[in-house]
Amino acid sequence: MTEFSNTPRIDHTAKAFDTDLQEITRKVAEMGGLVERQITDAVQAQVERDVELGERVMATDPQIDTLQREIEEKAILTIARRQPMAVDLREIVGAMRVCNDLERIGDHAKHIGKRVVALDGDFYPQKLIRGVEHMAELVAAQLKQVLDAYAGRDLPAALAVWKGDEEVDAMCTSLFRELLTYMMEDPRDITFCMHLMFCAKDIERMGDHATNIAETVYYMIEGRPITDQRPKGDPTNFGAATAVLQK
């Protein structure tokens, strides 16, 4: 009786999976690049009061949403067709998680772009925006580092971002307090300072999503979630700020 080897079929399946994974990884990298640009442009638009740039930030969002859908559809199709297991399955699930966090970061950048447009024509002291700019630079650097860690499967780099979330929270708290002081000293600054508070909160949430990506990298490499409690600061909430203003 003739025996038939299934090795060619296995090799073909492995190659097909690798091709699918490369396409997914390429799209995640493309999405990450767009989101990084979105953060930079959103903050630059705010600093320079560039309404046109703020509108471009908002216009980029549908492109990011489309990439997310394409990645998720390709990932689901790959799981159905290739039935990956163990590390291969974690690669696909990890890509889906990362693209979800990138989409949320893009949404927060879009919110900042909207505020630039809303504040068009309003005068405000430039010194008030420096804290937001500094905070955004920190988060943008963390996002770049964690995306590089994802691409290179670099666990130490991912953990460095995970541990750095507390610094972002502390900066957000400090900025809230500074803006609150300005509002109490000069009521003319209240509107703009409240916009900056919302922008700072958007940036703080971007940092949370960068930390999520770091946790995904850990899961992909180690095969289990991080069990340690995530380092968190104690950010001032909007309710507390509003209560002070109403006194």
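The values are calculated or read from the model by the stated rules, or taken from the named source; none is laboratory data. As the structure is a computational prediction, the values presented were derived from the model and not from experiment. Counting neighbours? That spans all protein chains shown, and the Cβs are built from the backbone with ideal geometry, glycine included. In case anyone asks, the SASA skips ligands and DNA or RNA and just uses the protein heavy atoms, side chains included. Shrake-Rupley method; radii C 1.70, N 1.55, O 1.52, S 1.80 Å.
Any idea which residue in segment 135-178 is nearest to Val43 (Cα to Cα), counting only those that are of a type in the set (Asp, Glu) and in contact (Cβ under 8 Å) with a residue 24 or more places away in the chain? If you could, list the steps in order and put the result at the bottom.
First pass over segment 135-178, keeping only residues of a type in the set (Asp, Glu): 137, 148, 154, 165-167, 169, 178.
Filter once more, keeping what is in contact (Cβ under 8 Å) with a residue 24 or more places away in the chain: 137, 154, 165-167, 169, 178.
Numbers: Glu137: 9, Asp154: 28, Asp165: 20, Glu166: 21, Glu167: 19, Asp169: 18, Glu178: 19 Å.
Among those that are of a type in the set (Asp, Glu) and in contact (Cβ under 8 Å) with a residue 24 or more places away in the chain, it is Glu137.
Ala86 is checked against (1) of a type in the set (Gly, Ala, Ser); (2) over 23 Å from Ala214 (Cα atoms); (3) more than 18 Å from the chain's Cα centre (by Cα) and fails just one. What number does that condition carry?
Of (1) of a type in the set (Gly, Ala, Ser); (2) over 23 Å from Ala214 (Cα atoms); (3) more than 18 Å from the chain's Cα centre (by Cα), only one is false for Ala86: (2).
When Val117 is evaluated against the numbered criteria (1) open to solvent by 10 Å² or more (accessible area, probe 1.4 Å); (2) free of Cβ contacts under 8 Å to residues at least 60 places away in the same chain, which criterion, by number, is the only one it fails?
Going through (1) open to solvent by 10 Å² or more (accessible area, probe 1.4 Å); (2) free of Cβ contacts under 8 Å to residues at least 60 places away in the same chain one by one, Val117 breaks only (2).
Say we look at segment 44-75 and pick out the residues that are touching a residue at least 12 places away in the same chain (Cβ under 8 Å) and more than 30 Å from Cys199 (Cβ to Cβ); which of these is most open to solvent (accessible area, probe 1.4 Å)?
Looking only at segment 44-75, we keep the residues that are touching a residue at least 12 places away in the same chain (Cβ under 8 Å), and these are 45-47, 49-51, 53-58, 60-61, 63-65, 67-68, 70-72, 74-75.
Now drop any that are not more than 30 Å from Cys199 (Cβ to Cβ), which leaves 74-75.
Details: Lys74: 41, Ala75: 0 Å².
Top of the filtered list is Lys74.
For segment 179-193, give me each residue that is of a type outside the set (Phe, Trp, Tyr), over 25 Å from the mean Cα position of the chain (by Cα) and assigned to a helix (DSSP H, G or I).
Those that are of a type outside the set (Phe, Trp, Tyr), over 25 Å from the mean Cα position of the chain (by Cα) and assigned to a helix (DSSP H, G or I): Leu180, Thr181, Met183, Met184, Glu185, Pro187, Arg188, Asp189, Ile190, Thr191.
May I ask you to list the residues in segment 180-197 that are touching a residue at least 60 places away in the same chain (Cβ under 8 Å) and within 14 Å of Met135 (Cα to Cα)?
Within segment 180-197, Leu196 is the sole residue that qualifies.
Check off (1) within 16 Å of the chain's Cα centre (by Cα); (2) open to solvent by less than 80 Å² (accessible area, probe 1.4 Å) for Arg97 and give me the number that stays unchecked.
Unmet condition: (2).
Any chance you could count how many residues in segment 191-210 are over 16 Å from Leu143 (Cβ atoms) and not basic (Lys, Arg)? Talk me through it step by step, then tell me what you get.
Filtering segment 191-210 down to residues over 16 Å from Leu143 (Cβ atoms) leaves 191-201.
Okay, now just the ones that are also not basic (Lys, Arg), so 191-200.
Qualifying residue count for the region: 10.
I'd like the residue in segment 194-218 that is of a type in the set (A, V, I, L, M, F, W, C) and surrounded by fewer than 23 Cβ atoms within 10 Å (Cβ to Cβ) and, out of all such residues, is nearest to the chain's Cα centre (by Cα). Lay out the reasoning, then the answer.
Residues of segment 194-218 of a type in the set (A, V, I, L, M, F, W, C): 194, 196-200, 203, 206, 210, 213-214, 217.
Subsequent filtering for residues that are surrounded by fewer than 23 Cβ atoms within 10 Å (Cβ to Cβ) retains 194, 197-198.
On the way: Met194: 22, Met197: 18, Phe198: 16 Å.
Applying the filter and picking the extreme gives Phe198.
Any residue in segment 25-35 that is in a loop (DSSP other than H, G, I, E, B) and more than 19 Å from Met206 (Cα to Cα)?
No, there is no match, as no residue in segment 25-35 is in a loop (DSSP other than H, G, I, E, B) and more than 19 Å from Met206 (Cα to Cα).
For segment 158-192, give me each residue that is among the hydrophobic types (A, V, I, L, M, F, W, C) and open to solvent by less than 20 Å² (accessible area, probe 1.4 Å). Walk me through it before giving the result.
Residues of segment 158-192 that are among the hydrophobic types (A, V, I, L, M, F, W, C), as a first pass: 158-162, 168, 170-172, 175-176, 179-180, 183-184, 190, 192.
Matches in segment 158-192: Ala158, Val161, Trp162, Val168, Cys172, Leu175, Phe176, Leu179, Met183, Phe192.
In segment 125-143, is there at least one residue being open to solvent by 50 Å² or more (accessible area, probe 1.4 Å), at pLDDT 95 or above and in a helix (DSSP H, G or I)? Walk me through how you get there before you give the answer.
Applying the first criterion (open to solvent by 50 Å² or more (accessible area, probe 1.4 Å)) to segment 125-143 yields 126-127, 130, 133-134, 137, 141.
With at pLDDT 95 or above added as a condition, the list becomes 141.
Right, trim to in a helix (DSSP H, G or I) and you get 141.
The answer is yes; a qualifying residue exists.
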